[in-house]
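The structure appears below as structure tokens.
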Amino acid sequence: MKSSIPIDKAAILKRYKPIDAHTHKGIQGHALLVGGSYGKIGAMTLSSKACLKTGCGLVTVFIPRCGYEILQTANPEVMVLTDVQEKYISNIEFNFMPNAIGIGPGIGQELETQNALHEFLTNDKRLLVIDADALNILSQNAAWISLLPDKTILTPHPKELERLIGKWNSNTEKFEKTVAFSKLHHVIIVMKGAPTFIIDGETIYENSTGNAALATAGTGDVLTGMITSLLAQSYEPIDAAILGVYLHGLTADIALHKTGYQSFIASDVISNIGKAFLSLEK
Ligand SMILES: NC(=O)C1=CN([C@@H]2O[C@H](COP(=O)(O)OP(=O)(O)OC[C@H]3O[C@@H](n4cnc5c(N)ncnc54)[C@H](O)[C@@H]3O)[C@@H](O)[C@H]2O)[C@@H](O)CC1
Ligand SMILES: Nc1ncnc2c1ncn2[C@@H]1O[C@H](COP(=O)(O)OP(=O)(O)O)[C@@H](O)[C@H]1O
Ligand SMILES: [Mg+2]
């Protein structure tokens, strides 16, 4: 494997932008998160809360109708748009200009959802984070990958990565294939794992935070919300990916002495984002 660039606190401080005292919610970025399906609205609840807690001024979710009351109750700060369908997304429609869009947590793979993703990718060329079943839909419809805008951030876990790039026989081959995919499609790949690597063409970054406490449902959904938030706040895509992954891992390092590995859950990532940011200012 080609050597990687370590992402430690010094590397993060070169990319981190402290908040301007005169900022307001109108210029802190408006993120749109698209996802959820019947039984997996929680993925969007987690993702949208993490998005707000990472500093975005405004967050809107686009979810199936069945999630409306759940979202409004769980996260009153988040605005909610709903699909015409009750249980899944069939047509992605919104009437504002988001600064960044995150798509995929809990979205499922209904045929109508697949068509909605195709329609969306054909018509919308905004900054984008793609996760979970939206990645799986792309794996099944490989021709659609060419529709992704340059510097789209993909956040696969190992199984989702395998569906995208095919099986590998060694770690070296895994990196070679991922780098080749990133170069071919001009996308940034957050190769989630222990540790997480961020791949931008030939350049490979290795994250230094995080631990096995993160091996629990919904932590990836939270990461999608965090990276989308940073993207909406005008971080360059590579910086949003690197900073998001670093802060996400740091929450688990900060919480570990209180939660242990076993009792840490995705909501603990969210409740420690503030401490993770504060540790950058120390
Ligand atoms: N509360 C919720 O609503 C939740 C919704 N979720 C959503 O559920 C959907 C399905 O996601 P899944 O990721 O479970 O399904 P997938 O089928 O994509 O992934 C599960 C498979 O990947 C393997 N895998 C996962 N991480 C791995 C790793 N680090 N190394 C090796 N293999 C690994 C597992 O063993 C399993 O075979 C997604 O849309 C996701 O966003 C999940 O995030 C869980 C929480
Ligand atoms: N053993 C581990 N050590 C460090 N990080 C881990 C470990 N296991 C999982 N993670 C992190 O947790 C997250 C899991 O994401 P994902 O599998 O998409 O979860 P979900 O889909 O349930 O939200 C990733 O950021 C991954 O890097
Ligand atoms: Mg996931």
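The values are calculated or read from the model by the stated rules, or taken from the named source; none is laboratory data. The structure presented is a predicted model; accordingly, all values stated were derived computationally and were not measured. A quick note on method: Cβ atoms are made from the backbone with ideal geometry, for glycine too, and the neighbour counts reach across all protein chains shown. We work out accessible area using only protein heavy atoms, side chains counted, and drop any ligands, DNA or RNA first. Shrake-Rupley method; radii C 1.70, N 1.55, O 1.52, S 1.80 Å.
So what's the back-of-envelope 222 nm ellipticity for the chain, counting only DSSP H runs of four-plus at -39500 (n - 2.57) apiece and dividing by all residues, rounded to 500?
Rounded to the nearest 500, it is -13500 deg cm²/dmol.
Summarising the amide proton neighbourhood of Ser208: residues at separation of 5 or more, or on other chains, whose placed amide H is nearer than 5 Å comprise Ile7. Return the carbon/sulfur percentage of the accessible area of region 96-189, one whole number, probe 1.4 Å, all protein chains in place. With neighbouring chains kept in place, the figure for region 96-189 is 52 percent.
Note: relative contact order over region 93-145, using C-alpha pairs below 8 Å and six or more positions apart, is 48 percent.
Full extension of the chain between Thr172 and Lys258 gives 27.3 nm of extra length, using 0.36 nm per residue less the Cα-Cα distance. With all protein chains kept in place, the per residue accessible area of the chain amounts to 44 square angstrom at a probe of 1.4 angstrom.
For region 190-206, putting each phi into the Karplus relation 6.51 cos²θ - 1.76 cosθ + 1.60 with θ = phi - 60° gives couplings of 8, 8, 6, x, 10, x, 8, 10, 10, 10, 10, x, 6, 8, 10, 10, 10 Hz, in residue order, rounded to whole numbers and with x for Gly and Pro.
When you filter the trypsin sites (Lys or Arg not before Pro) in region 128-186 for DSSP loop state and at most 13 other Cβ atoms inside 10 Å of their Cβ, you are left with Lys167. Note on region 45-202: Cα Rg divided by 2.2 N^0.38 Å, N the number of residues, gives 1.07. Suppose a student asked you for the relative contact order of the chain, using Cα pairs under 8 Å spaced at least 6 residues apart; what percent would you report? Relative CO of the chain lands at 21 percent.
Phi-derived couplings, Karplus 6.51 cos²θ - 1.76 cosθ + 1.60 at θ = phi - 60°, listed residue by residue for region 219-227: 5, x, 4, 5, 4, 4, x, 5, 5 Hz, with x used for Gly and Pro.
Cα gyration tensor of region 1-85, axes a ≥ b ≥ c as square roots of the eigenvalues: rounded (a/c below 1.5), prolate (a/b > b/c) or oblate? The partial results should precede the final answer.
Numbers: a/c = 3.17, a/b = 1.60, b/c = 1.99.
Since a/c reaches 1.5 but b/c is at least a/b, the shape of region 1-85 is classed as oblate.
Once you order the gyration tensor axes a ≥ b ≥ c over the Cα atoms, which shape class does the chain get: rounded for a/c under 1.5, otherwise prolate or oblate by comparing a/b with b/c? Because its axes are fairly even, with a/c under 1.5, the chain counts as rounded. From the alpha carbon centroid of region 107-165 to that of region 3-61 is 20 Å. Among the listed pairs Lys159/Lys192; Lys125/Lys159; Lys14/Lys282; Lys25/Lys53, those with a Cα-Cα distance over 21 Å are Lys125/Lys159.
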